[in-house]
Amino acid sequence: VDVIESRQPAQGASKVSYAWINARDKHPVRYHELNRRSQDMWRRFEDDLQTDIGLVWGGEMRWAATETGALEFRSRVAELQEWGYSIREISPEEAAEIEPGISFGNPTSVSYTDSDGHVDPERVVDGCLSSVRQTGGLVHTNESVTSFIKSRDSISHVVTTKDTYECDSVVIAAGTETPKIAEMLGSKFQNIHSQGATVITDILPVPLFNSIAAMHSPRDLDGVLINSRQLTDGRVMIHGGTHAHSIADESIEDAEMLIQETAKYLPSTR
Ligand SMILES: Cc1cc2nc3c(=O)[nH]c(=O)nc-3n(C[C@H](O)[C@H](O)[C@H](O)COP(=O)(O)OP(=O)(O)OC[C@H]3O[C@@H](n4cnc5c(N)ncnc54)[C@H](O)[C@@H]3O)c2cc1C
(Lines give C-alpha, C1' and ligand atoms only; values in the text may rest on other atoms or scores of the structure.)
Protein backbone atom coordinates (compact mmCIF):
# COMPACT_ATOMS: atom_id res chain seq x y z
CA VAL A 1 0.00 0.00 0.00
CA ASP A 2 1.26 3.49 -0.86
CA VAL A 3 -0.21 6.59 0.80
CA ILE A 4 -0.52 10.00 -0.82
CA GLU A 5 -1.00 12.89 1.60
CA SER A 6 -1.36 16.46 0.43
CA ARG A 7 0.10 17.95 3.62
CA GLN A 8 1.52 16.10 6.65
CA PRO A 9 -0.34 13.12 8.17
CA ALA A 10 -2.90 13.53 10.97
CA GLN A 11 -3.39 17.26 10.51
CA GLY A 12 -7.00 17.09 9.31
CA ALA A 13 -10.08 15.83 11.18
CA SER A 14 -7.90 13.32 13.03
CA LYS A 15 -5.98 16.09 14.80
CA VAL A 16 -9.06 17.55 16.46
CA SER A 17 -11.19 14.41 16.73
CA TYR A 18 -12.83 13.66 20.05
CA ALA A 19 -12.24 10.01 19.08
CA TRP A 20 -14.84 8.61 21.41
CA ILE A 21 -15.28 4.89 20.76
CA ASN A 22 -18.97 4.30 21.23
CA ALA A 23 -22.28 3.21 19.80
CA ARG A 24 -24.37 5.31 22.17
CA ASP A 25 -25.40 8.11 19.87
CA LYS A 26 -25.67 6.00 16.73
CA HIS A 27 -28.96 5.56 14.90
CA PRO A 28 -30.58 3.54 13.40
CA VAL A 29 -29.98 0.12 14.89
CA ARG A 30 -27.85 -1.15 11.97
CA TYR A 31 -25.49 1.79 12.23
CA HIS A 32 -25.42 1.26 15.99
CA GLU A 33 -24.42 -2.38 15.42
CA LEU A 34 -21.68 -1.40 12.98
CA ASN A 35 -20.26 0.94 15.62
CA ARG A 36 -20.52 -1.74 18.29
CA ARG A 37 -18.62 -4.21 16.16
CA SER A 38 -15.94 -1.61 15.50
CA GLN A 39 -15.69 -0.93 19.26
CA ASP A 40 -14.79 -4.59 19.67
CA MET A 41 -12.07 -4.36 17.02
CA TRP A 42 -9.93 -1.66 18.61
CA ARG A 43 -7.97 -3.97 20.93
CA ARG A 44 -7.19 -6.32 18.05
CA PHE A 45 -6.27 -3.36 15.85
CA GLU A 46 -3.80 -2.12 18.50
CA ASP A 47 -2.26 -5.61 18.70
CA ASP A 48 -1.93 -5.70 14.90
CA LEU A 49 -0.25 -2.29 14.82
CA GLN A 50 2.09 -3.33 17.67
CA THR A 51 2.26 0.18 19.02
CA ASP A 52 0.64 2.24 21.74
CA ILE A 53 -2.27 4.11 20.18
CA GLY A 54 -3.44 5.75 23.39
CA LEU A 55 -6.48 3.55 23.93
CA VAL A 56 -8.38 4.40 27.12
CA TRP A 57 -11.32 2.31 28.32
CA GLY A 58 -13.60 2.93 31.29
CA GLY A 59 -16.97 3.94 29.93
CA GLU A 60 -18.95 7.10 29.48
CA MET A 61 -21.13 9.04 31.88
CA ARG A 62 -23.68 11.74 31.22
CA TRP A 63 -26.79 13.04 32.86
CA ALA A 64 -29.99 14.98 32.33
CA ALA A 65 -30.74 18.16 34.24
CA THR A 66 -34.48 18.62 33.64
CA GLU A 67 -37.54 16.38 34.13
CA THR A 68 -38.37 16.49 30.39
CA GLY A 69 -34.75 15.70 29.58
CA ALA A 70 -34.88 12.73 31.97
CA LEU A 71 -37.88 11.24 30.14
CA GLU A 72 -36.08 11.37 26.78
CA PHE A 73 -32.90 10.16 28.41
CA ARG A 74 -34.56 7.09 29.97
CA SER A 75 -36.31 6.19 26.75
CA ARG A 76 -32.96 6.23 24.88
CA VAL A 77 -31.33 4.14 27.62
CA ALA A 78 -34.21 1.62 27.35
CA GLU A 79 -33.84 1.52 23.55
CA LEU A 80 -30.09 0.93 23.80
CA GLN A 81 -30.64 -1.83 26.35
CA GLU A 82 -33.10 -3.47 23.96
CA TRP A 83 -30.39 -3.32 21.30
CA GLY A 84 -28.04 -5.10 23.75
CA TYR A 85 -25.82 -2.12 24.62
CA SER A 86 -24.19 -2.18 28.02
CA ILE A 87 -25.78 0.98 29.35
CA ARG A 88 -27.70 1.52 32.56
CA GLU A 89 -29.29 4.28 34.52
CA ILE A 90 -27.56 4.83 37.84
CA SER A 91 -28.57 6.86 40.85
CA PRO A 92 -26.93 10.25 41.48
CA GLU A 93 -25.38 8.69 44.60
CA GLU A 94 -23.77 5.87 42.60
CA ALA A 95 -22.59 8.38 39.99
CA ALA A 96 -20.93 10.48 42.70
CA GLU A 97 -19.34 7.35 44.13
CA ILE A 98 -17.91 6.32 40.74
CA GLU A 99 -16.81 9.86 39.86
CA PRO A 100 -16.40 11.98 43.00
CA GLY A 101 -14.59 14.67 40.97
CA ILE A 102 -17.58 15.55 38.77
CA SER A 103 -19.97 18.32 39.83
CA PHE A 104 -23.30 16.89 38.67
CA GLY A 105 -25.50 19.68 40.07
CA ASN A 106 -28.98 18.22 40.58
CA PRO A 107 -29.21 15.45 37.97
CA THR A 108 -32.65 14.10 37.07
CA SER A 109 -31.16 10.96 35.49
CA VAL A 110 -27.61 9.63 35.02
CA SER A 111 -26.43 7.00 32.53
CA TYR A 112 -23.30 4.90 32.60
CA THR A 113 -22.02 3.00 29.58
CA ASP A 114 -19.13 0.82 30.62
CA SER A 115 -18.00 -0.35 27.17
CA ASP A 116 -16.94 3.03 25.80
CA GLY A 117 -13.42 4.34 25.39
CA HIS A 118 -11.32 6.71 23.33
CA VAL A 119 -8.11 6.75 21.39
CA ASP A 120 -5.37 9.12 20.23
CA PRO A 121 -5.91 9.52 16.45
CA GLU A 122 -2.46 11.02 15.85
CA ARG A 123 -0.90 7.88 17.32
CA VAL A 124 -3.26 5.71 15.28
CA VAL A 125 -2.21 7.46 12.07
CA ASP A 126 1.48 7.14 13.06
CA GLY A 127 0.97 3.42 13.75
CA CYS A 128 -0.79 2.84 10.43
CA LEU A 129 1.90 4.66 8.46
CA SER A 130 4.68 2.72 10.23
CA SER A 131 2.88 -0.44 9.27
CA VAL A 132 2.68 0.76 5.64
CA ARG A 133 6.44 1.40 5.61
CA GLN A 134 7.28 -1.91 7.32
CA THR A 135 5.39 -3.80 4.64
CA GLY A 136 7.29 -2.03 1.87
CA GLY A 137 4.82 0.75 1.09
CA LEU A 138 5.68 4.41 0.58
CA VAL A 139 4.20 7.47 2.26
CA HIS A 140 4.27 10.50 -0.04
CA THR A 141 3.69 13.78 1.80
CA ASN A 142 3.10 17.29 0.42
CA GLU A 143 1.66 15.68 -2.69
CA SER A 144 -1.99 15.91 -3.76
CA VAL A 145 -4.16 13.57 -5.79
CA THR A 146 -5.48 15.52 -8.77
CA SER A 147 -7.16 12.84 -10.91
CA PHE A 148 -7.39 9.16 -11.79
CA ILE A 149 -6.88 7.24 -15.00
CA LYS A 150 -9.42 4.55 -15.67
CA SER A 151 -8.97 1.46 -17.75
CA ARG A 152 -12.28 -0.19 -18.59
CA ASP A 153 -14.15 -0.49 -15.26
CA SER A 154 -11.23 -0.08 -12.88
CA ILE A 155 -8.77 2.61 -11.85
CA SER A 156 -5.34 1.94 -13.30
CA HIS A 157 -3.42 5.06 -12.21
CA VAL A 158 -3.48 7.79 -9.58
CA VAL A 159 -2.32 11.18 -10.84
CA THR A 160 -0.79 13.58 -8.31
CA THR A 161 0.88 16.98 -8.31
CA LYS A 162 4.24 15.19 -8.59
CA ASP A 163 3.80 11.90 -10.43
CA THR A 164 1.51 9.21 -11.83
CA TYR A 165 1.29 5.87 -10.01
CA GLU A 166 -0.01 2.56 -11.27
CA CYS A 167 -2.46 0.85 -8.91
CA ASP A 168 -4.71 -2.20 -8.46
CA SER A 169 -7.25 -0.39 -6.32
CA VAL A 170 -7.73 2.88 -4.47
CA VAL A 171 -9.04 3.68 -0.99
CA ILE A 172 -10.20 7.27 -0.52
CA ALA A 173 -9.47 8.37 3.05
CA ALA A 174 -9.38 12.12 2.57
CA GLY A 175 -11.58 13.27 5.44
CA THR A 176 -13.66 16.31 4.51
CA GLU A 177 -12.09 16.32 1.03
CA THR A 178 -13.59 12.91 0.24
CA PRO A 179 -16.52 14.33 -1.82
CA LYS A 180 -14.07 16.27 -4.01
CA ILE A 181 -11.96 13.20 -4.74
CA ALA A 182 -14.96 10.91 -5.18
CA GLU A 183 -16.33 13.39 -7.71
CA MET A 184 -13.19 12.83 -9.83
CA LEU A 185 -14.55 9.28 -10.19
CA GLY A 186 -18.13 10.32 -10.81
CA SER A 187 -19.38 9.46 -7.30
CA LYS A 188 -21.37 11.86 -5.16
CA PHE A 189 -20.87 12.17 -1.40
CA GLN A 190 -22.06 14.97 0.79
CA ASN A 191 -20.46 16.20 3.98
CA ILE A 192 -22.79 16.93 6.87
CA HIS A 193 -21.74 20.01 8.80
CA SER A 194 -21.97 20.19 12.57
CA GLN A 195 -20.86 22.95 14.90
CA GLY A 196 -18.16 22.74 17.50
CA ALA A 197 -14.71 23.63 18.77
CA THR A 198 -11.92 21.54 20.24
CA VAL A 199 -9.45 22.58 22.93
CA ILE A 200 -6.45 20.47 23.90
CA THR A 201 -4.92 21.60 27.18
CA ASP A 202 -1.40 21.24 28.54
CA ILE A 203 -0.74 18.15 30.64
CA LEU A 204 -3.02 18.04 33.67
CA PRO A 205 -0.87 16.45 36.40
CA VAL A 206 -3.86 14.72 38.04
CA PRO A 207 -6.30 12.18 36.60
CA LEU A 208 -9.39 13.89 35.20
CA PHE A 209 -11.65 10.99 36.15
CA ASN A 210 -11.65 8.22 38.71
CA SER A 211 -12.54 5.43 36.28
CA ILE A 212 -14.61 6.60 33.30
CA ALA A 213 -13.07 7.49 29.94
CA ALA A 214 -15.40 10.26 28.82
CA MET A 215 -17.96 12.68 30.22
CA HIS A 216 -20.72 14.54 28.41
CA SER A 217 -22.54 17.41 30.07
CA PRO A 218 -26.39 17.52 30.03
CA ARG A 219 -27.85 17.88 26.53
CA ASP A 220 -31.14 19.27 27.87
CA LEU A 221 -29.57 22.53 29.03
CA ASP A 222 -29.10 25.64 26.91
CA GLY A 223 -25.63 27.08 26.53
CA VAL A 224 -22.42 25.24 25.84
CA LEU A 225 -22.42 21.45 25.71
CA ILE A 226 -19.16 19.99 26.96
CA ASN A 227 -17.46 16.68 26.14
CA SER A 228 -14.25 15.87 28.03
CA ARG A 229 -11.64 13.17 27.97
CA GLN A 230 -8.03 12.82 29.09
CA LEU A 231 -5.34 11.50 26.77
CA THR A 232 -2.84 8.99 28.18
CA ASP A 233 -0.14 11.69 28.42
CA GLY A 234 -2.37 13.78 30.72
CA ARG A 235 -3.59 16.38 28.23
CA VAL A 236 -7.32 17.04 28.35
CA MET A 237 -9.41 17.30 25.22
CA ILE A 238 -12.55 19.39 25.48
CA HIS A 239 -15.03 19.39 22.67
CA GLY A 240 -17.74 22.02 22.93
CA GLY A 241 -20.75 22.97 20.88
CA THR A 242 -24.15 24.55 21.25
CA HIS A 243 -27.60 23.56 20.07
CA ALA A 244 -27.88 26.74 18.06
CA HIS A 245 -24.70 28.08 16.55
CA SER A 246 -20.98 27.68 16.16
CA ILE A 247 -18.52 28.71 18.81
CA ALA A 248 -15.61 27.65 16.66
CA ASP A 249 -13.66 30.68 15.58
CA GLU A 250 -10.21 29.65 16.85
CA SER A 251 -10.13 32.65 19.19
CA ILE A 252 -8.38 32.47 22.56
CA GLU A 253 -11.60 33.82 24.12
CA ASP A 254 -13.59 30.83 22.86
CA ALA A 255 -10.94 28.42 24.07
CA GLU A 256 -10.88 30.05 27.51
CA MET A 257 -14.66 30.03 27.65
CA LEU A 258 -14.69 26.28 26.94
CA ILE A 259 -12.15 25.69 29.70
CA GLN A 260 -14.25 27.76 32.13
CA GLU A 261 -17.42 25.88 31.17
CA THR A 262 -15.59 22.58 31.70
CA ALA A 263 -14.44 23.66 35.16
CA LYS A 264 -18.11 23.97 36.19
CA TYR A 265 -18.39 20.20 35.84
CA LEU A 266 -14.77 19.25 36.47
CA PRO A 267 -13.29 21.55 39.15
CA SER A 268 -9.88 19.80 38.87
CA THR A 269 -9.35 21.56 35.51
CA ARG A 270 -9.37 25.02 37.15
C1 LIG B 1 -14.31 17.70 16.02
C2 LIG B 1 -14.42 16.25 15.62
C3 LIG B 1 -14.83 15.32 16.55
C4 LIG B 1 -14.94 13.97 16.19
N5 LIG B 1 -15.29 13.07 17.14
C6 LIG B 1 -15.32 11.75 16.84
C7 LIG B 1 -15.61 10.80 17.85
O8 LIG B 1 -15.86 11.15 19.01
N9 LIG B 1 -15.60 9.48 17.51
C10 LIG B 1 -15.34 9.07 16.22
O11 LIG B 1 -15.32 7.86 15.96
N12 LIG B 1 -15.08 9.97 15.24
C13 LIG B 1 -15.06 11.28 15.53
N14 LIG B 1 -14.79 12.20 14.55
C15 LIG B 1 -14.60 11.70 13.20
C16 LIG B 1 -13.19 11.15 12.97
O17 LIG B 1 -12.25 11.91 13.67
C18 LIG B 1 -12.88 11.21 11.49
O19 LIG B 1 -13.81 10.38 10.83
C20 LIG B 1 -11.48 10.71 11.18
O21 LIG B 1 -10.50 11.40 11.94
C22 LIG B 1 -11.24 10.92 9.70
O23 LIG B 1 -9.96 10.46 9.39
P24 LIG B 1 -9.45 10.62 7.93
O25 LIG B 1 -8.04 10.10 7.90
O26 LIG B 1 -10.44 10.04 6.98
O27 LIG B 1 -9.49 12.21 7.69
P28 LIG B 1 -8.40 13.33 8.05
O29 LIG B 1 -7.78 13.11 9.38
O30 LIG B 1 -9.05 14.65 7.78
O31 LIG B 1 -7.28 13.06 7.00
C32 LIG B 1 -7.53 13.22 5.61
C33 LIG B 1 -6.23 13.57 4.95
O34 LIG B 1 -6.45 13.61 3.54
C35 LIG B 1 -5.58 14.59 3.01
N36 LIG B 1 -6.07 15.00 1.69
C37 LIG B 1 -7.16 15.74 1.40
N38 LIG B 1 -7.26 15.92 0.06
C39 LIG B 1 -6.21 15.26 -0.50
C40 LIG B 1 -5.76 15.07 -1.84
N41 LIG B 1 -6.41 15.59 -2.88
N42 LIG B 1 -4.64 14.35 -2.04
C43 LIG B 1 -3.96 13.80 -0.99
N44 LIG B 1 -4.34 13.95 0.29
C45 LIG B 1 -5.45 14.67 0.53
C46 LIG B 1 -5.62 15.72 4.04
O47 LIG B 1 -4.46 16.53 3.97
C48 LIG B 1 -5.72 14.95 5.36
O49 LIG B 1 -4.46 14.80 6.01
C50 LIG B 1 -14.66 13.55 14.87
C51 LIG B 1 -14.24 14.49 13.93
C52 LIG B 1 -14.11 15.82 14.30
C53 LIG B 1 -13.64 16.82 13.27
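The values are calculated or read from the model by the stated rules, or taken from the named source; none is laboratory data. Everything numeric here is computed off the predicted structure, so don't read it as measured data. Using ideal geometry, Cβ is built from the backbone for each residue, glycine included, and neighbour counts are taken over all protein chains shown. Ligands, DNA and RNA are stripped out before the accessible areas are found, and what is left, the full protein with its side chains, is counted by its heavy atoms. Shrake-Rupley method; radii C 1.70, N 1.55, O 1.52, S 1.80 Å.
Helices that extend 15 Å or more along their long axis by alpha-carbon positions and average at least -0.5 on the Kyte-Doolittle scale are, among the DSSP H runs of the chain, 121-134, 252-265. Note on Ser211 and Gln190: with the Förster distance fixed at 35 Å, the Cβ-Cβ geometry gives a FRET efficiency of about 0.35. The tail of the calculated P(r) for the chain beyond 29 Å holds 41 percent of all Cα-Cα pairs.
As a rough guide to protection, the peptides 51-64, 220-233, 84-97 ranked by mean Cβ packing within 10 Å, highest first, stand as 51-64, 220-233, 84-97. Its relative contact order, with pairs defined as Cα atoms under 8 Å and 6+ residues apart, puts the chain at 23 percent. Counting only protein heavy atoms and a 1.4 Å probe, the stretch 1-124 has 54 square angstrom of accessible area per residue.
In whole percent, how big is the carbon plus sulfur part of the accessible area of the stretch 160-209, probe 1.4 Å, protein atoms only?
The computed percentage sits at 51.
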